[in-house]
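Inspection log for the structure reproduced underneath, given as C-alpha coordinates.
The values are calculated or read from the model by the stated rules, or taken from the named source; none is laboratory data. Computed from a prediction, not measured in an experiment: that's the story for all the values here. Every residue, glycine among them, receives a Cβ derived from its backbone with ideal geometry; neighbour counts consider all protein chains shown.
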Amino acid sequence: MPVMEPSLDAATLKGWARVIDDGPFSSLCWGERIAFDNPESLTLLGALAAWTDRVRLVTTVTVPQLHDPVMLAKGLATGDMLSGGRLTVGLGVGGRDEDYRAVGADPATQTIRGMADSVAVMKRVWAGEKVTDSVVPVGPPPVQADGPQLLVGTMGPKTVRSAAGWAEGLAGTTLDLDVDKQNELFDVARQAWAEAGKPKPHLATSFWFAIGDDAREQIHRHLRRYMNWIPGEVVDAMAPTTGWAGSDDELLNVLRQFESVGTDEIYLIPTSADVDQVRRVADVVNDFAHSAS
(Lines give C-alpha, C1' and ligand atoms only; values in the text may rest on other atoms or scores of the structure.)
Protein backbone atom coordinates (compact mmCIF):
# COMPACT_ATOMS: atom_id res chain seq x y z
CA MET A 1 0.00 0.00 0.00
CA PRO A 2 1.30 3.51 -0.82
CA VAL A 3 0.82 4.71 2.77
CA MET A 4 3.95 6.87 2.82
CA GLU A 5 2.93 8.91 -0.22
CA PRO A 6 1.49 12.46 0.15
CA SER A 7 -2.10 13.61 -0.27
CA LEU A 8 -3.75 10.21 0.19
CA ASP A 9 -7.50 9.81 0.43
CA ALA A 10 -9.89 6.93 1.03
CA ALA A 11 -10.59 6.45 -2.68
CA THR A 12 -6.90 5.99 -3.49
CA LEU A 13 -6.33 3.53 -0.67
CA LYS A 14 -9.49 1.58 -1.48
CA GLY A 15 -8.53 1.46 -5.16
CA TRP A 16 -5.12 0.01 -4.35
CA ALA A 17 -6.63 -2.54 -1.95
CA ARG A 18 -9.14 -3.72 -4.55
CA VAL A 19 -6.51 -4.06 -7.31
CA ILE A 20 -4.22 -6.03 -4.99
CA ASP A 21 -7.04 -8.27 -3.79
CA ASP A 22 -8.21 -8.92 -7.37
CA GLY A 23 -4.68 -9.60 -8.60
CA PRO A 24 -2.24 -12.47 -8.39
CA PHE A 25 -0.74 -11.29 -5.11
CA SER A 26 -0.50 -13.32 -1.91
CA SER A 27 -0.61 -10.41 0.52
CA LEU A 28 -1.24 -6.72 1.04
CA CYS A 29 1.21 -4.86 3.25
CA TRP A 30 1.70 -1.50 4.91
CA GLY A 31 4.11 0.08 7.34
CA GLU A 32 3.83 2.16 10.49
CA ARG A 33 5.20 5.57 11.38
CA ILE A 34 4.01 8.01 14.03
CA ALA A 35 5.69 11.38 13.34
CA PHE A 36 4.64 11.38 9.66
CA ASP A 37 1.42 11.92 7.72
CA ASN A 38 0.73 8.25 6.90
CA PRO A 39 -2.58 6.66 7.99
CA GLU A 40 -2.68 5.17 11.48
CA SER A 41 -1.95 1.47 11.14
CA LEU A 42 -4.76 -0.18 13.12
CA THR A 43 -7.43 2.13 11.74
CA LEU A 44 -6.24 1.25 8.25
CA LEU A 45 -6.29 -2.44 9.16
CA GLY A 46 -10.03 -2.20 9.80
CA ALA A 47 -10.64 -0.57 6.44
CA LEU A 48 -8.44 -3.05 4.58
CA ALA A 49 -10.27 -5.95 6.21
CA ALA A 50 -13.51 -4.54 4.80
CA TRP A 51 -12.09 -3.67 1.36
CA THR A 52 -10.53 -7.09 0.69
CA ASP A 53 -11.66 -10.71 0.76
CA ARG A 54 -8.71 -12.88 -0.26
CA VAL A 55 -5.18 -11.63 0.38
CA ARG A 56 -3.40 -11.80 3.70
CA LEU A 57 -3.01 -8.46 5.47
CA VAL A 58 0.56 -7.90 6.63
CA THR A 59 1.95 -5.12 8.83
CA THR A 60 5.54 -4.47 7.79
CA VAL A 61 6.22 -3.49 10.44
CA THR A 62 4.40 -2.61 13.63
CA VAL A 63 6.58 -1.40 16.49
CA PRO A 64 4.99 -2.84 19.66
CA GLN A 65 6.91 -0.58 22.03
CA LEU A 66 4.98 2.39 20.58
CA HIS A 67 1.74 0.90 21.91
CA ASP A 68 0.26 -0.39 25.12
CA PRO A 69 0.67 -4.15 24.54
CA VAL A 70 -2.82 -5.03 25.79
CA MET A 71 -4.49 -2.46 23.55
CA LEU A 72 -2.30 -3.52 20.62
CA ALA A 73 -3.26 -7.15 21.18
CA LYS A 74 -6.93 -6.16 21.27
CA GLY A 75 -6.63 -4.09 18.09
CA LEU A 76 -4.81 -6.80 16.18
CA ALA A 77 -7.24 -9.48 17.36
CA THR A 78 -10.08 -7.26 16.14
CA GLY A 79 -8.35 -6.96 12.76
CA ASP A 80 -7.92 -10.72 12.62
CA MET A 81 -11.61 -11.17 13.38
CA LEU A 82 -12.76 -8.60 10.81
CA SER A 83 -10.55 -10.12 8.10
CA GLY A 84 -11.62 -13.68 8.81
CA GLY A 85 -8.20 -14.76 10.08
CA ARG A 86 -6.11 -13.19 7.30
CA LEU A 87 -3.77 -11.10 9.48
CA THR A 88 0.00 -11.46 9.62
CA VAL A 89 1.86 -9.11 11.96
CA GLY A 90 5.40 -8.08 11.18
CA LEU A 91 7.06 -6.68 14.30
CA GLY A 92 10.25 -4.63 14.63
CA VAL A 93 11.94 -2.26 17.06
CA GLY A 94 11.79 0.68 14.64
CA GLY A 95 14.60 2.96 13.56
CA ARG A 96 13.26 6.40 14.47
CA ASP A 97 13.65 7.86 17.95
CA GLU A 98 11.15 10.60 17.07
CA ASP A 99 8.34 8.03 16.86
CA TYR A 100 9.12 6.90 20.41
CA ARG A 101 9.21 10.50 21.64
CA ALA A 102 5.96 11.36 19.83
CA VAL A 103 3.94 8.87 21.89
CA GLY A 104 5.90 9.19 25.13
CA ALA A 105 7.42 5.72 24.77
CA ASP A 106 10.61 4.95 26.68
CA PRO A 107 13.58 4.97 24.25
CA ALA A 108 15.24 2.45 26.55
CA THR A 109 12.69 -0.13 25.33
CA GLN A 110 13.87 0.26 21.70
CA THR A 111 15.55 -3.12 22.02
CA ILE A 112 15.09 -6.75 21.06
CA ARG A 113 14.16 -7.48 24.69
CA GLY A 114 11.58 -4.68 24.73
CA MET A 115 9.92 -6.09 21.63
CA ALA A 116 9.94 -9.63 23.04
CA ASP A 117 8.38 -8.44 26.30
CA SER A 118 5.48 -6.85 24.39
CA VAL A 119 5.03 -9.98 22.28
CA ALA A 120 4.80 -12.10 25.44
CA VAL A 121 1.96 -9.94 26.77
CA MET A 122 0.10 -10.02 23.44
CA LYS A 123 0.37 -13.79 23.22
CA ARG A 124 -1.12 -14.10 26.71
CA VAL A 125 -4.03 -11.86 25.69
CA TRP A 126 -4.65 -13.94 22.55
CA ALA A 127 -4.53 -17.13 24.63
CA GLY A 128 -7.43 -15.83 26.71
CA GLU A 129 -5.43 -15.31 29.88
CA LYS A 130 -6.47 -12.60 32.32
CA VAL A 131 -3.62 -10.10 32.11
CA THR A 132 -5.60 -7.28 33.76
CA ASP A 133 -7.74 -6.96 36.87
CA SER A 134 -10.95 -7.46 34.92
CA VAL A 135 -14.02 -9.65 35.20
CA VAL A 136 -13.30 -11.42 31.90
CA PRO A 137 -10.17 -11.64 29.72
CA VAL A 138 -9.44 -8.98 27.10
CA GLY A 139 -11.07 -9.88 23.78
CA PRO A 140 -12.15 -10.46 21.12
CA PRO A 141 -10.36 -13.75 20.58
CA PRO A 142 -8.46 -13.85 17.29
CA VAL A 143 -9.75 -16.15 14.55
CA GLN A 144 -6.35 -17.78 14.11
CA ALA A 145 -5.46 -20.21 16.85
CA ASP A 146 -2.78 -18.70 19.12
CA GLY A 147 -3.24 -15.33 17.42
CA PRO A 148 -2.12 -13.78 14.14
CA GLN A 149 0.97 -15.10 12.41
CA LEU A 150 4.01 -13.17 13.67
CA LEU A 151 7.08 -12.27 11.60
CA VAL A 152 10.18 -10.48 12.83
CA GLY A 153 11.04 -7.43 10.76
CA THR A 154 14.78 -6.91 10.76
CA MET A 155 17.97 -6.82 8.72
CA GLY A 156 20.14 -8.11 11.59
CA PRO A 157 21.09 -11.72 12.40
CA LYS A 158 21.06 -11.13 16.17
CA THR A 159 17.41 -10.08 16.09
CA VAL A 160 16.52 -13.02 13.86
CA ARG A 161 18.08 -15.49 16.29
CA SER A 162 16.38 -13.92 19.30
CA ALA A 163 12.96 -14.06 17.58
CA ALA A 164 13.07 -17.79 16.85
CA GLY A 165 11.19 -18.46 20.08
CA TRP A 166 8.12 -16.39 19.18
CA ALA A 167 8.07 -15.63 15.43
CA GLU A 168 6.95 -17.83 12.57
CA GLY A 169 9.26 -16.24 10.07
CA LEU A 170 11.20 -13.26 8.82
CA ALA A 171 10.02 -10.06 7.14
CA GLY A 172 13.37 -8.83 5.91
CA THR A 173 14.38 -5.79 3.90
CA THR A 174 17.04 -5.38 1.25
CA LEU A 175 18.17 -1.91 0.25
CA ASP A 176 20.42 -2.92 -2.64
CA LEU A 177 18.72 -6.18 -3.71
CA ASP A 178 21.80 -8.26 -2.90
CA VAL A 179 20.27 -11.73 -3.23
CA ASP A 180 23.26 -13.56 -1.74
CA LYS A 181 23.37 -11.28 1.29
CA GLN A 182 19.64 -11.75 1.83
CA ASN A 183 20.09 -15.51 1.62
CA GLU A 184 22.75 -15.31 4.34
CA LEU A 185 20.10 -13.82 6.65
CA PHE A 186 17.66 -16.51 5.52
CA ASP A 187 20.25 -19.12 6.49
CA VAL A 188 20.49 -17.57 9.96
CA ALA A 189 16.72 -17.92 10.29
CA ARG A 190 16.71 -21.48 8.97
CA GLN A 191 19.36 -22.50 11.48
CA ALA A 192 17.76 -20.65 14.41
CA TRP A 193 14.34 -22.17 13.74
CA ALA A 194 15.85 -25.66 13.42
CA GLU A 195 17.71 -25.25 16.71
CA ALA A 196 14.45 -24.16 18.34
CA GLY A 197 12.76 -27.30 17.04
CA LYS A 198 10.35 -25.31 14.90
CA PRO A 199 9.19 -25.84 11.30
CA LYS A 200 10.92 -24.00 8.47
CA PRO A 201 10.46 -20.24 8.87
CA HIS A 202 8.44 -18.16 6.44
CA LEU A 203 11.07 -16.18 4.52
CA ALA A 204 10.08 -12.80 3.12
CA THR A 205 12.00 -9.75 2.02
CA SER A 206 10.98 -6.31 0.79
CA PHE A 207 12.35 -3.49 -1.30
CA TRP A 208 11.25 -0.16 -2.74
CA PHE A 209 10.18 -0.38 -6.36
CA ALA A 210 9.32 1.81 -9.32
CA ILE A 211 8.41 0.57 -12.76
CA GLY A 212 8.40 2.73 -15.89
CA ASP A 213 10.36 5.41 -17.71
CA ASP A 214 11.35 7.67 -14.80
CA ALA A 215 11.57 4.85 -12.27
CA ARG A 216 14.90 5.78 -10.68
CA GLU A 217 13.88 9.43 -10.30
CA GLN A 218 10.61 8.27 -8.72
CA ILE A 219 12.46 6.27 -6.08
CA HIS A 220 14.77 9.21 -5.40
CA ARG A 221 11.80 11.55 -4.82
CA HIS A 222 10.18 9.03 -2.51
CA LEU A 223 13.32 8.45 -0.45
CA ARG A 224 13.91 12.19 -0.11
CA ARG A 225 10.45 12.55 1.45
CA TYR A 226 10.28 9.32 3.41
CA MET A 227 13.79 9.39 4.90
CA ASN A 228 13.26 12.82 6.39
CA TRP A 229 15.25 11.92 9.52
CA ILE A 230 18.42 11.44 7.44
CA PRO A 231 20.44 14.35 5.98
CA GLY A 232 19.43 15.01 2.37
CA GLU A 233 22.94 14.58 1.00
CA VAL A 234 23.08 11.08 2.53
CA VAL A 235 19.76 10.16 0.92
CA ASP A 236 21.01 11.53 -2.42
CA ALA A 237 24.08 9.31 -2.17
CA MET A 238 21.94 6.25 -1.37
CA ALA A 239 19.29 6.81 -4.02
CA PRO A 240 21.12 5.48 -7.12
CA THR A 241 21.50 2.01 -5.59
CA THR A 242 18.54 1.77 -3.20
CA GLY A 243 15.46 -0.18 -4.24
CA TRP A 244 14.60 -1.57 -7.65
CA ALA A 245 13.84 0.50 -10.75
CA GLY A 246 13.37 -0.81 -14.25
CA SER A 247 11.21 -2.53 -16.82
CA ASP A 248 8.72 -5.38 -16.65
CA ASP A 249 11.28 -7.93 -17.86
CA GLU A 250 13.87 -6.73 -15.37
CA LEU A 251 11.43 -7.13 -12.50
CA LEU A 252 10.61 -10.65 -13.67
CA ASN A 253 14.31 -11.48 -13.55
CA VAL A 254 14.63 -10.11 -10.00
CA LEU A 255 11.70 -12.22 -8.81
CA ARG A 256 13.32 -15.33 -10.26
CA GLN A 257 16.61 -14.55 -8.51
CA PHE A 258 14.93 -14.29 -5.12
CA GLU A 259 12.89 -17.41 -5.77
CA SER A 260 16.12 -19.31 -6.45
CA VAL A 261 17.28 -18.81 -2.83
CA GLY A 262 14.00 -19.96 -1.31
CA THR A 263 12.20 -16.65 -0.78
CA ASP A 264 8.56 -17.33 0.06
CA GLU A 265 7.28 -13.77 -0.46
CA ILE A 266 8.51 -10.41 -1.70
CA TYR A 267 6.81 -7.31 -0.33
CA LEU A 268 7.10 -4.56 -2.94
CA ILE A 269 7.14 -1.09 -1.33
CA PRO A 270 5.51 1.56 -3.55
CA THR A 271 7.22 4.86 -4.32
CA SER A 272 4.13 6.35 -5.97
CA ALA A 273 0.39 6.38 -5.30
CA ASP A 274 -0.33 5.78 -9.00
CA VAL A 275 -2.36 2.55 -9.06
CA ASP A 276 -1.01 1.79 -12.56
CA GLN A 277 2.24 0.87 -10.82
CA VAL A 278 0.59 -2.06 -9.05
CA ARG A 279 -1.34 -3.03 -12.19
CA ARG A 280 1.94 -3.32 -14.13
CA VAL A 281 3.43 -5.42 -11.35
CA ALA A 282 0.34 -7.65 -11.47
CA ASP A 283 1.06 -8.35 -15.12
CA VAL A 284 4.65 -9.26 -14.27
CA VAL A 285 3.57 -11.56 -11.43
CA ASN A 286 1.10 -13.28 -13.73
CA ASP A 287 3.92 -13.88 -16.23
CA PHE A 288 6.11 -15.16 -13.39
CA ALA A 289 3.42 -17.62 -12.24
CA HIS A 290 2.88 -18.89 -15.77
CA SER A 291 6.60 -19.35 -16.38
CA ALA A 292 6.97 -21.21 -13.08
CA SER A 293 4.16 -23.60 -13.94
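Given the conditions (1) under 28 Å from R279 (Cβ atoms); (2) among the aromatic types (F, W, Y); (3) modelled with pLDDT under 95, which single one is not true for Y226?
For Y226, the exception is condition (3).
Do any residues in segment 230-244 that are touching a residue at least 60 places away in the same chain (Cβ under 8 Å) have Cβ atoms under 6 Å from those of residues that are assigned to a loop (DSSP other than H, G, I, E, B), where the two are at least six apart or on different chains, and which pairs are they?
That search, which allows pairs on different chains as well, returns T241/D176; T242/L175; W244/L177.
Please go through (1) at pLDDT 95 or above; (2) of a type outside the set (G, A, S); (3) assigned to a helix (DSSP H, G or I) for D249 and return the number of the only condition it doesn't satisfy.
Exception for D249: condition (1).
Mind checking which pairs have a first residue in segment 18-37 that is at negative phi and in contact (Cβ under 8 Å) with a residue 40 or more places away in the chain and a second that is of a type in the set (K, R) and crowded, with 18+ Cβ neighbours inside 10 Å, Cβ under 6 Å, 6 or more apart or different chains?
So the pair list comes out as S27/R56.
Here's a check for you: in segment 50-60, which residue that is surrounded by fewer than 24 Cβ atoms within 10 Å (Cβ to Cβ) and among the aliphatic types (A, V, I, L, M) is nearest to the chain's Cα centre (by Cα)?
In this case the residue turns out to be V55.
For every residue, the table says whether it meets (1) touching a strand residue (DSSP E or B) at 6+ places or on another chain (Cβ under 6 Å); (2) in a helix (DSSP H, G or I).
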| position | (1), (2) |
| --- | --- |
| D21 | no, yes |
| P24 | no, no |
| E32 | yes, no |
| T43 | no, yes |
| R54 | no, no |
| L57 | yes, no |
| T78 | no, yes |
| T88 | yes, no |
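Give V261, V275, V179, V281 a once-over and let me know the one that is touching a residue at least 40 places away in the same chain (Cβ under 8 Å) and surrounded by 20 or more Cβ atoms within 10 Å (Cβ to Cβ).
Numbers: V261 fails: surrounded by 20 or more Cβ atoms within 10 Å (Cβ to Cβ); V275 fails: surrounded by 20 or more Cβ atoms within 10 Å (Cβ to Cβ); V179 fails: surrounded by 20 or more Cβ atoms within 10 Å (Cβ to Cβ).
After applying the criteria, what remains is V281.
For M71, state whether it is under 30 Å from I112 (Cβ atoms) and buried (at least 17 other Cβ atoms within 10 Å of the Cβ). Show your work before the answer.
Working: under 30 Å from I112 (Cβ atoms): yes; buried (at least 17 other Cβ atoms within 10 Å of the Cβ): no.
No, not satisfied.
I'd like the full set of residues that are surrounded by 15 or more Cβ atoms within 10 Å (Cβ to Cβ), at negative phi and part of a loop (DSSP other than H, G, I, E, B), limited to segment 197-225.
Selection gives P201 alone.
This table checks each residue for (1) in contact with a Lys or Arg (Cβ under 9 Å, 6 or more places away or on another chain); (2) among the hydroxyl-bearing types (S, T, Y).
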site	(1), (2)
A120	no, no
K123	no, no
G128	no, no
V143	yes, no
V152	no, no
G156	no, no
V160	no, no
T173	no, yes
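For T109, work out the one condition from (1) among the hydroxyl-bearing types (S, T, Y); (2) under 30 Å from V285 (Cα atoms); (3) surrounded by fewer than 23 Cβ atoms within 10 Å (Cβ to Cβ) it doesn't fulfil.
Exception for T109: condition (2).
With the requirement that a residue be hydroxyl-bearing (S, T, Y) and either assigned to a helix (DSSP H, G or I) or more than 20 Å from the chain's Cα centre (by Cα) (or both), what does segment 111-127 give you?
Matches in segment 111-127: S118 only.
How many of the residues making up segment 253-293 are farther than 24 Å from E217 by Cα and outside any helix (DSSP H, G or I)?
6
Only one residue in A108, A73 is of a type outside the set (D, E, K, R), part of a helix (DSSP H, G or I) and touching a residue at least 60 places away in the same chain (Cβ under 8 Å). Which one? Step through it out loud before you land on a result.
Numbers: A108 fails: touching a residue at least 60 places away in the same chain (Cβ under 8 Å).
Sole residue among the options that is of a type outside the set (D, E, K, R), part of a helix (DSSP H, G or I) and touching a residue at least 60 places away in the same chain (Cβ under 8 Å): A73.
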